[in-house]
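The values are calculated or read from the model by the stated rules, or taken from the named source; none is laboratory data. All figures in this text were calculated on a predicted structure; none of them were measured in a lab. In this analysis, Cβ positions are derived from the backbone assuming ideal geometry, glycine residues included, and neighbour counts consider all displayed protein chains.
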Amino acid sequence: MAPKIAIVYYSMYGHIRKMAEAELAGIKEAGGDAELFQIAETLPEEVLQKMYAPPKPTDVAVLKDPAQLEPFDGILFGIPTRYGNFPAQYKAFWDASGKQWQQGSFFGKYAGLFISTGTLGGGQESTAIASMSTLTHHGFIYVPLGYKNTFADLANLDEVHGGSPWGAGTFSAGDGSRQPSALELRVATAQGKAFYETVAKAHP
Ligand SMILES: Cc1cc2nc3c(=O)[nH]c(=O)nc-3n(C[C@H](O)[C@H](O)[C@H](O)COP(=O)(O)O)c2cc1C
């Protein structure tokens with residue numbers, strides 16, 4: 001049976017959503033498929049308006065319960081940085097997963113990450129490292145992007161780009177005006193493909 005993959009993300013301004021689509025394209029390139037889920041918003045509407053946050057897309061299911069992820073063999077998490085760390089919405093989701101933690105529901109499942117920050121040095125790597133604790137406590141097997149399939153893009157110093165061996169990445173710019181570049185989307189697609197192939201080895 002083909003492995004079941006989920007792409008779980010939170011995205012306030014759409015950058016991580018775009019990266020999620022690129023990850024999905026890579027999974028499809030590898031012959032698989034994935035289900036997309038958004039992590040639920042926790043901020044009040046009044047605050048979201050002050051942050052100029054557009055309405056959330058309605059074509060991606062909102063995760064209501066961590067139990068919805070139990071059927072999946074591998075999960076890619078898309079995370080927009082807050083202060084060099086993951087956002088409260090992401091934490092709130094995990095803080096509701098005590099049952100899965102206690103029962104080991106996610107033990108041995110595969111996980112990967114992709115990240116968006118406003119700027120260089122804004123925390124692409126620190127966000128990935130910060131998220132390791134949650135994955136570890138749940139017993140996920142973390143699959144890094146590494147360099148094998150993306151060295152030329154990750155090591156490219158001719159243009160500004162996000163991404164690291166921890167996972168694909170993009171820069172939104174401080175005002176959100178920058179969109180994921182072709183290079184960044186290419187890396188995300190390569191990550192989706194490699195992630196699927198890795199999970200497929202365990203779930204042929
Ligand atoms: C409260 C807050 C804190 C943020 N902290 C950081 C930060 O520490 N470093 C950084 O580079 N960008 C930071 N940003 C910018 C976000 O990372 C950026 O808006 C996000 O990556 C865009 O992704 P999205 O369009 O998917 O929401 C912050 C944004 C907000 C609203």
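For the reader, a short list of remarks on this structure follows.
- Near pairs, Cβ below 6 angstrom, 6+ apart or cross-chain, from region 78-90 (closer than 13 Å to G118 by Cα) to any residue that is near the ligand (Cβ under 6 Å from one of its atoms): P80/I16; P80/S116; T81/T117; T81/G122; T81/G123; G84/G123
- Pair list, Cβ under 6 Å, 6 or more apart: region 172-187 residue farther than 20 Å from K50 by Cα and modelled with pLDDT of 95 or more, other residue within 11 Å of the ligand (Cβ to nearest atom) and β-branched (V, I, T): P180/T170; E184/T170
- No other residue among L69, L145 is hydrophobic (A, V, I, L, M, F, W, C) and touching a Pro at 6+ places or on another chain (Cβ under 7 Å) apart from L145.
- Among the residues making up region 109-127, those that are of a type in the set (G, A, S) and either under 22 Å from E70 (Cα atoms) or outside any helix (DSSP H, G or I) (or both) are A111, G112, S116, G118, G121, G122, G123.
- Yes/no for K28 being of a type in the set (K, R) and modelled with pLDDT of 95 or more: yes
- Among the residues of region 173-204, those identified as small (G, A, S) and crowded, with 24+ Cβ neighbours inside 10 Å are A188, G192.
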